[in-house]
Amino acid sequence: MEDLEIGVRFPSYRVLMHYLEKFSEETQSKFWKRDARTIGASRSLGITKYLNPDIIYFEIKFTCVYGGMDFKTKGRNIRPRQPSLKTSGCPVYLRFKASQDGETLQLVAKNLNHNHELKPERKKRTGHDSSQNVEAKKHKQEKEDEEEVIEKTEFVEKESSPEKEMVDCVLQDENLKINVEYLKYQGLIAPVFTPFHDDLGRTLNLEVLPAYAQYLIDAGISGVLVNGTTGEGMSMSVEERKLVTEVWSQLCNQGQLHLMVQIGGASLPDVLELAQHAEQVGANSLLCLPELFHKPNTCEDLIRYLQIVSQAAPYTPLFYYHIPGLTGVNLNMGEFLRKITGEISTFSGIKFTSTVLDEGYAAVTANDGKYSVFLGADTVMAGAYALGFDSAIATTLNIFPQYGQQILQCIKDGNITEAQSKQSDLNSAIGIITKNGTWVPTMKIAMNLLTSLNVGPTREPLKSLTAVEESQMETELKGLSFITS
């Protein structure tokens, strides 16, 4: 293979990835995607020239996985990992940028001088090995693989996201097959509302999103879920869902928020298109509903569906969205998590939107707590956290972020009584908010009343509240001091 020389061009992102995968294999290098700006993000910076959509990125930088170990361990609630002496701060990088004509990705800068030893490819076992030797070598190799992977970390507010970068790594040799089973995601994620204008077509109001992102960052939220139930993703076209994802991708990259994109609730071809798009624009993880018409009847049916979806985004962690009250798919999540083990390399866990906490406990403890399980039921946070949940994707984190955070912290501190009190206060607010309507329309009104943001009305077929009902909600929230002015 020819050396990578400054000025070399690649006609598409996929061609570049294929080339660099081979380059990594031959040079025994290991890379991850460190910094990137998509074509969409470049437009917001005033770059208007033609850019070939196949290149996907306006600029992109890859670094050695051993580069900047201090960078990878900075941040709140991240456990530092001790790097080996020879692998700390490797300076190797490759930087590509859209060429002048906008047709290709062009190498514009590089450093290929590693400051550590490159690992040779492991020898394959032969048929002469005894069964004992095979097992011993297998155990040794698995242990070495585990040591190569960055330790589990929370995706909390920090300078960067190591787990994101490791999962986004698509330049893998056979010594670095990134297995996201090693990467357990934790934190409080806000399933964001999609802002609409109050016009006839309920058109997208994306101008609200920068302020929305800053609001969540200031509130200490770890990440966002885009196009979920709260975000009315299933009431939007594929192109609208892509557009919303692209804007949030840029905002999350700037603000160091974890970006989870819900891709389900559509025909399978559309789901695959959305999965591929989300990966291309840098989503940190994907959340997927089950097939909603040809519903899975068994765990095996569901696993098969998710296998198909995962192939469209082979480098991005995939989560299953369990919300039986809306989908009618009510498979036992403890059993499901046991059966899916080893079936999908990118599968990382579930969003559990149910109040059946014995099933939730079975999910949290499945396979010794291997998978991330996000609670999706706002009214049972205290009980769920007491059972072992440590993460949530909850609508009220948009409106009352302090309650979700305080309840979790109280449980961690062993203050069960205080956690129950906070949960009771939150549930009182939820009762007032949802008194005269369904979940999303009422929560959207509450967001408008209780925060500085205006996310607009809901789309059909969701029924909006009347002016009288909105006024009643406001009055009752003031009565409980949720609104002070």
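Take every Cα pair under 8 Å in segment 338-420 that's 6+ residues apart, average their separations, divide by the length, and report that relative contact order as a whole percent.
Numbers: 95 pairs, mean separation 19.7, N = 83.
Rounded, it is 24 percent for segment 338-420.
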In segment 325-367, which residues have a backbone nitrogen under 19 Å from the label point lying 7 Å from Arg304's Cα in the Cα-to-Cβ direction?
329-332, 336-345
When the Karplus curve 6.51 cos²θ - 1.76 cosθ + 1.60 is applied with θ = phi - 60°, which whole-Hz ³J(HN,Hα) does each residue of segment 352-366 get, with x for Gly and Pro?
9, 9, 7, 9, 7, 6, 5, 5, x, 5, 4, 5, 4, 8, 4
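What does the extension gain come out to for Val356 and Glu343, with contour length at 0.36 nm per residue minus their alpha carbon separation? Numbers along the way, then the final one.
Values: separation 13, 0.36 × 13 = 4.68 nm, distance 2.60 nm.
The span from Val356 to Glu343 would gain 2.1 nm if fully extended.
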Hey, can you grab everything whose amide H is under 5 Å from the amide H of Val261? Only 5+ residues off in sequence or another chain; H modelled, so Pro and N-termini drop out.
Val226, Ser285, Leu286, Leu287
If every alpha-carbon in segment 271-335 counts as one equal scatterer, what log10 I(q)/I(0) does Debye give at q = 0.15, 0.18 1/Å?
-0.46, -0.65
Asn205 long-range amide H proximity, modeled H, under 5 Å
Phe196, His197
For segment 382-394, just list the computed ³J(HN,Hα) in residue order, Karplus coefficients 6.51, -1.76 and 1.60, θ = phi - 60°, integers in Hz, with x standing in for Gly and Pro.
4, x, 5, 5, 5, 7, x, 4, 10, 8, 8, 10, 10
Computed E for Leu118/Gln472 - FRET, C-beta separation, R0 45 angstrom, nearest 0.05:
0.10
What list of ³J(HN,Hα) values in whole Hz, one per residue of segment 321-330 in order, does the Karplus curve 6.51 cos²θ - 1.76 cosθ + 1.60 (θ = phi - 60°) give from phi, with Gly and Pro shown as x?
9, 9, 9, x, x, 9, 8, x, 9, 10
If you put +1 on each Lys and Arg Cβ and -1 on each Asp and Glu Cβ, how big is the dipole of segment 349-482 around its Cα centre, in Debye rounded to 20?
260
Step through the table entries Lys61/Lys351; Lys61/Lys370; Lys110/Lys242; Lys49/Lys97; Lys33/Lys97, compare each Cα-Cα distance with 22 Å, and write down the pairs that go over it.
Lys61/Lys351; Lys61/Lys370; Lys110/Lys242
Which stretch or stretches of segment 364-401 have amide N atoms under 16 Å from the point lying 7 Å from Ser421's Cα along the Cα→Cβ direction?
382
Just need the relative contact order of segment 244-363 here, percent rounded to a whole number, with Cα pairs under 8 Å and 6+ apart.
23
So for each of 473-480, 300-307 I average, over its residues, the number of other beta carbons within 10 Å; can you give me the resulting order with the highest mean first?
300-307, 473-480
Highest to lowest packing among 413-423, 317-327, scored as the average C-beta count within 10 Å:
317-327, 413-423
Quick query: amide H of Lys351 versus all other amide H atoms, modeled in the peptide plane; which residues come in under 5 Å with a sequence gap of 5 or more or a different chain?
Tyr320, Tyr321, His322, Phe374
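Rule-based calculations on the coordinates, nothing more; no lab input. Treat the numbers as computed from the prediction; the structure is a model and nothing was measured. Cβ atoms come from the backbone with ideal geometry, glycine included; neighbour counts cover every protein chain shown.
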